[in-house]
């Protein structure tokens, strides 16, 4: 719902980017990715330790995707594949044009 989305967005701002799973007004799990909102400053082991409960939290909300966070991360990258959704609209990556 909108309140949970707002909580998730605000929490992402606090942790300087990453992934957050929210339900019923509380954060179920999170993975901070403060380096450009894409990478962690922690070790692989620490990131993995946070990723396991993050995936479990998403699954508890009936998310059926095997790697939902990876898919979300690629959705926002405006370079792969040909069309991407950005903060400026739909972009044709091949033509380097905003088309919608």
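Select, from 91, 63, the only residue that is at pLDDT below 95 and not in a loop (DSSP other than H, G, I, E, B). First the steps, then the outcome.
Working: 63 fails: not in a loop (DSSP other than H, G, I, E, B).
Result: 91 is the single residue among 91, 63 that is at pLDDT below 95 and not in a loop (DSSP other than H, G, I, E, B).
Among the numbered criteria (1) out of contact with any helix residue (DSSP H, G or I) (no Cβ under 9 Å at 6 or more places or on another chain); (2) surrounded by 11 or more Cβ atoms within 10 Å (Cβ to Cβ), which single criterion is violated by residue 28?
(1)
Regarding residue 71, is this residue at pLDDT below 90 and either part of a helix (DSSP H, G or I) or surrounded by 12 or more Cβ atoms within 10 Å (Cβ to Cβ) (or both)?
On the way: at pLDDT below 90: yes; either part of a helix (DSSP H, G or I) or surrounded by 12 or more Cβ atoms within 10 Å (Cβ to Cβ) (or both): yes.
Yes; evaluated as a whole, the condition is true for this residue.
When you look at residue 33, is it free of Cβ contacts under 8 Å to residues at least 40 places away in the same chain and either within 20 Å of residue 68 (Cα to Cα) or buried (at least 17 other Cβ atoms within 10 Å of the Cβ) (or both), yes or no? If you could, list the steps in order and put the result at the bottom.
On the way: free of Cβ contacts under 8 Å to residues at least 40 places away in the same chain: yes; either within 20 Å of residue 68 (Cα to Cα) or buried (at least 17 other Cβ atoms within 10 Å of the Cβ) (or both): yes.
Yes: the conditions hold for residue 33.
State whether the residues of the range 42-59 include one that is within 21 Å of residue 4 (Cβ to Cβ) and either touching a residue at least 40 places away in the same chain (Cβ under 8 Å) or in a loop (DSSP other than H, G, I, E, B) (or both).
Step one: filter the range 42-59 for residues within 21 Å of residue 4 (Cβ to Cβ), giving 50-51, 53-59.
Then keep just the ones that are either touching a residue at least 40 places away in the same chain (Cβ under 8 Å) or in a loop (DSSP other than H, G, I, E, B) (or both); that gives none.
Among the residues of the range 42-59, not one is within 21 Å of residue 4 (Cβ to Cβ) and either touching a residue at least 40 places away in the same chain (Cβ under 8 Å) or in a loop (DSSP other than H, G, I, E, B) (or both), which makes the answer no.
Looking at the range 17-30 only, could you name the residues that are within 22 Å of residue 1 (Cβ to Cβ) and either in a strand (DSSP E or B) or in contact with a strand residue (DSSP E or B) (Cβ under 9 Å, 6 or more places away or on another chain) (or both)?
Here is the first cut: in the range 17-30, the ones within 22 Å of residue 1 (Cβ to Cβ) are 18-30.
Once the filter is applied, which keeps residues that are within 22 Å of residue 1 (Cβ to Cβ) and either in a strand (DSSP E or B) or in contact with a strand residue (DSSP E or B) (Cβ under 9 Å, 6 or more places away or on another chain) (or both), the range 17-30 yields 18, 19, 20, 21, 22, 23, 26, 27, 28, 29, 30.
Show the residue pairs that are 6+ apart or on different chains and have beta-carbon atoms under 7 Å apart, the first residue being within the range 1-14 and closer than 15 Å to residue 28 by Cα, the second being surrounded by 11 or more Cβ atoms within 10 Å (Cβ to Cβ) and at pLDDT below 95.
From the range 1-14, the pairs are 12/18.
The values are calculated or read from the model by the stated rules, or taken from the named source; none is laboratory data. This one's a predicted model, so the numbers in the text were calculated from it and none came from an experiment. Methodologically, a virtual Cβ is constructed for each residue, glycine included, from the backbone with ideal geometry; neighbour enumeration extends over all protein chains shown.
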